[in-house]
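Remarks on the structure that follows.
The values are calculated or read from the model by the stated rules, or taken from the named source; none is laboratory data. This structure is a prediction, so every number in the text was calculated from the model and none was measured. Using ideal geometry, Cβ is built from the backbone for each residue, glycine included, and neighbour counts are taken over all protein chains shown. Please note that ligands, DNA and RNA were not included when accessible areas were found on the heavy atoms of the full protein model with its side chains. Shrake-Rupley method; radii C 1.70, N 1.55, O 1.52, S 1.80 Å.
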Amino acid sequence: MSKRIVIAGSGFAGLWSALSAARALALGGGAGEGVELVVVSPTPTLVVRPRLYEAVIENMDPDLSALFAAVGVRHLTARIEAIHTAEHALEIVASDGTRSRLNYDKFVLAAGSTLFRPPVPGIAEFAFNVDQLDDARVLDAHLASLAHRPATPGRNTVVIAGGGFTGIETAAEMPDRLRKALGDTAGAAIRVVVIEQAAGIGPDLGPVPRPVIEAALAECGVEILTGTAVTGIDADGVTTSAGERIASATVVWTAGARANALTAQIPGEHDRFGRVHADPYLRAPQAPDVFVTGDVAHAATDDQGNVAVMSCQHALSLGRVAGHNAAAELLGLSLHPYSQPKYVTCLDLGPWGALYTEGWDRQVRLTGQEGKNLKREINTKWIYPPAADRDVVFAIANPDYVIVP
Ligand SMILES: Cc1cc2nc3c(=O)[nH]c(=O)nc-3n(C[C@H](O)[C@H](O)[C@H](O)COP(=O)(O)OP(=O)(O)OC[C@H]3O[C@@H](n4cnc5c(N)ncnc54)[C@H](O)[C@@H]3O)c2cc1C
């Protein structure tokens, strides 16, 4: 009887799981023949989430159909609604609402993450975000509509709630973006404010790169308000924990992410982001034949105590390892332990350039235009899907392929 590997999600982790599993099945001799490889996701596209803060929302969901066809992956346009790990079965809902059941021999959960929305009054009704493609498009349309409104301080002010990686990147682009959206009606009165509740901007990035980030944001014309939380949002602006009122027609919520809610259906330990604790081979230890990868996986990157962060950088490797191991386990081949000791960040800082750091303590390596050149390379080439060519794919879909040199 034929066997089936099902991968949930066609983001970075799901895509590379599929390509890596396809490679392992092909290289596994005749044993891989007859194994069906299925990716289930709402569209056969890769949404390039790391670019959704950018001013121009274009080519951010490349189609994967030809690539999947080239390596023998079947794509099912559907959402997974339930995972029955004891029965090795999934409940899926197609785009027309049809429900069905899909059995698996190996299952890879790569369903990613979504923006964390704490219970701040008004967040659901009034805050914009750049988490998913549709969200970025809604923000874009809103910014374009501002020019038709009366020129008030609120119209000319954007508040970015959250001064982490996404908040910083969104803020740095915003003065130019807002000015462009408002056109001649803008005058000089544009204001972009990042509000961060921690004592310093970029709390997760640590103190080393902070002076560079502060200087760059200042040069971009972005104000930073730290040690302050947004406590309420309405149609006319925000209220802060300091009791301040900031008039703004555009509040962008960027503070934090949580693993896909499907993780709650995988038994075992979960971290504070909802991620499933994975073993060194990215298996969910308490759910036989289930692998977790990308933003849903809590996985050690090295033996120094570092853990993968929710990032494209980690998802690209986590995906390769999980897909390979799912196929290898099915074929009785040896598994590949996940390891990704090199960690870098490349933070876009708008017209100032970009900041490239290395190591978990984020030592500054490139700044300004040099950093920007690298960021552009990453955002337009490195993270995009490869050509729909089996040989090209299999040459880079191995579990120990190093993306960051
Ligand atoms: C604005 C922004 C900027 C970022 N910048 C960076 C950066 O500079 N560097 C970096 O490394 N990372 C960055 N990230 C983080 C990065 O985008 C994520 O960590 C990465 O996308 C995770 O990949 P993933 O495959 O695990 O999940 P995702 O990319 O979220 O993909 C999840 C997939 O699962 C599918 N899915 C969801 N639910 C279901 C379901 N129920 N059934 C079936 N399929 C489902 C989705 O449709 C999608 O295909 C940024 C993120 C954002 C939003």
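Compared with the direct C-alpha span, the chain from Arg101 to Ser241 gains 45.6 nm at full extension, assuming 0.36 nm per residue.
Between Leu374, Gly359, Ala326, whose Cα lies farthest towards the positive end of the dipole of the stretch 277-405 when Lys and Arg beta carbons carry +1 and Asp and Glu beta carbons carry -1, centred on the Cα centre? Projecting each Cα onto the dipole axis, the largest value belongs to Leu374. Charge tally around Arg4: other residues with Cβ under 13 Å, Lys/Arg +1 each, Asp/Glu -1 each, net +1. I'd like the distance separating the alpha-carbon centroids of the stretch 323-366 and the stretch 382-396, in whole Å. What the calculation gives is 18 Å, centre to centre. Scaled to the globular estimate 2.2 N^0.38 Å, the Cα spread of the stretch 277-321, given as radius of gyration, is 1.05. Would you mind telling me the antiparallel percentage of the DSSP bridges in the chain, rounded to 5? Expressed as a percentage, antiparallel bridges in the chain total about 50.
Could you check what % of the DSSP bridge pairs in the stretch 1-154 are antiparallel, to the nearest 5? If we restrict to bridges inside the stretch 1-154, about 45 percent are antiparallel. Among Thr301, Thr367, Thr380, which one moves the most in a GNM of the chain with springs linking Cα atoms closer than 10 Å? Looking only at Thr301, Thr367, Thr380, the largest GNM fluctuation is found for Thr380. Within the accessible surface of the chain, defined with a 1.4 Å probe on protein heavy atoms only, the carbon and sulfur portion equals 52 percent. Normalised by residue number, the volume inside the convex hull of the Cα atoms of the stretch 268-405 is 127 Å³ per residue. Between Arg365 and Ser2, the simple label model (points 7 Å from Cα in the Cβ direction) yields a spacing of 4.4 nm.
Between Ala82 and Asp303, the modelled labels are 4.4 nm apart [label points 7 Å from Cα along Cα→Cβ]. The calculated FRET efficiency for the pair Ala69 and Ser311, based on their C-beta separation and a Förster distance of 25 Å, comes to about 0.30. Distance between the pseudo-spin-label points of Leu27 and Ala264 (7 Å out from Cα toward the beta carbon): 3.9 nm. Packing here is the average count of other Cβ atoms within 10 Å per residue, and on that basis the peptides 347-353, 230-236, highest first, run 347-353, 230-236. Among the lysines of the chain, pairs at least eight places apart or on separate chains and with Cα atoms under 28 Å apart come to 8.
Other residues lying with their Cβ under 14 Å from the Cβ of Gly368 contribute a combined charge of +1, Lys and Arg counting +1, Asp and Glu -1. Note that the stretch 122-249 carries a Kirkwood radius of 14.9 Å, evaluated over its alpha carbons pair by pair. Summing +1 for each Lys or Arg and -1 for each Asp or Glu among the other residues whose beta-carbon sits under 11 angstrom from that of Asn156 gives +4.
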